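Worksheet: one structure, shown below.
We did not get these values from a lab; they are worked out from the coordinates using the rules stated. These figures come from a predicted structure and were not determined experimentally. So basically every Cβ, Gly included, is an ideal-geometry build from the backbone, and we count neighbours across all protein chains shown.
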Amino acid sequence: MLIHDTSLIFGRYVRQTLRSRFQIFFGILMPLLYLFFFGPLLTGLPLGSTGDSWQVLVPGLLLQLALFGASFTGFAIIIEQSTGVVERMRVTPVSRLALLLGRVLRDALLFMFQAVLLVLAALVMGLRAPLPGVLVGFGFVGLLTISLASLSYALAMKVRTPQEFGPVINSLTMPAMLLSGLMLPMTLGPAWLDVLSHFTPFRYLVDAVRDAYVGSYATAHMLYGVAVALAFALLAVTVGTRVFRRAGA
């Protein structure tokens, strides 16, 4: 029942996304700008990493794509509430977990597709990374998208207006990006900033993807990254499902 309901919701939102090419390609614009205009500035600089500048930057851009893209997905459900879509779904027997999973799985598919485009552009710019490492990076993008989209939808069910939702997301995503070392390794900064960054889950994810991009898989960074990504996804989906059930979404 859950699988059937989830597939129905997933299919509905996939078809909706396919009708909006703007949505498919616009989300990748900011990471591409960083790739084309910021990436070349790092070439040849000592970044304190085992990989080259592209193997440091591209993993961060992949997670930046998921961070900013998935965090703002809640806007969609705010629009659906204003147009009555959510109200119509409330009277259906569809599982509330399926209503959430169908949405977040569509989001994961969308951002993983955008991640593929980003990596292809990075290869043109000079990225060299093993295929298994690239696939690991896509996996982390998917897990992070599921986590953040679940929390974004949960928040949107609580605040209900774009005027409330936008500032909250902006106030959370920017510090998260700066403290995670998405652009540059946090080890380049002062010790106190490096220590502070370990309190954000995204730090562990980006370290793991950077290891994967240099072909290092059996590392402490990878272990911590996988553990944090899975735990974060489980927690976020649980929170999102509870909010959906209480709201009767």
Once the stretch 1-128 is represented by equal point scatterers at the alpha-carbon sites, with solvent omitted, what log10 I(q)/I(0) does the Debye formula produce at q = 0.14, 0.16, 0.17 Å⁻¹?
-0.70, -0.82, -0.89
With n ≥ 4 as the cut-off for DSSP H runs, can you work out [θ] at 222 nm for the chain, using -39500 (n - 2.57) per run divided by the number of residues, rounded to the nearest 500?
-25500 deg cm²/dmol
Set Lys and Arg Cβ to +1 and Asp and Glu Cβ to -1, take the dipole of the chain about its Cα centre, and tell me which of 17, 135, 57 lies farthest positive.
17
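Given 0.36 nm per residue, what is the gain on full extension from residue 246 to residue 128 after removing their alpha carbon distance, in nm?
My answer for the length gained is 37.7 nm.
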Projected onto the charge dipole of the chain (unit charges on the beta-carbon of Lys, Arg, Asp and Glu, signs +1, +1, -1, -1), the Cα from 168, 105, 197 with the largest positive-side position is that of 105
Consider the candidate values (1) 1.02; (2) 1.22; (3) 1.31; state which one is Cα Rg over 2.2 N^0.38 Å computed from the structure displayed.
(1)
FRET efficiency for residue 85 and residue 231 from the Cβ-Cβ distance with R0 = 25 Å, rounded to 0.05, comes out at 0.20
What are the membrane-span-like helices in the chain by this rule: whole DSSP H runs, Cα extent along the axis at least 18 Å, mean Kyte-Doolittle hydropathy at least 1.0?
53-71, 96-125, 131-159, 220-247
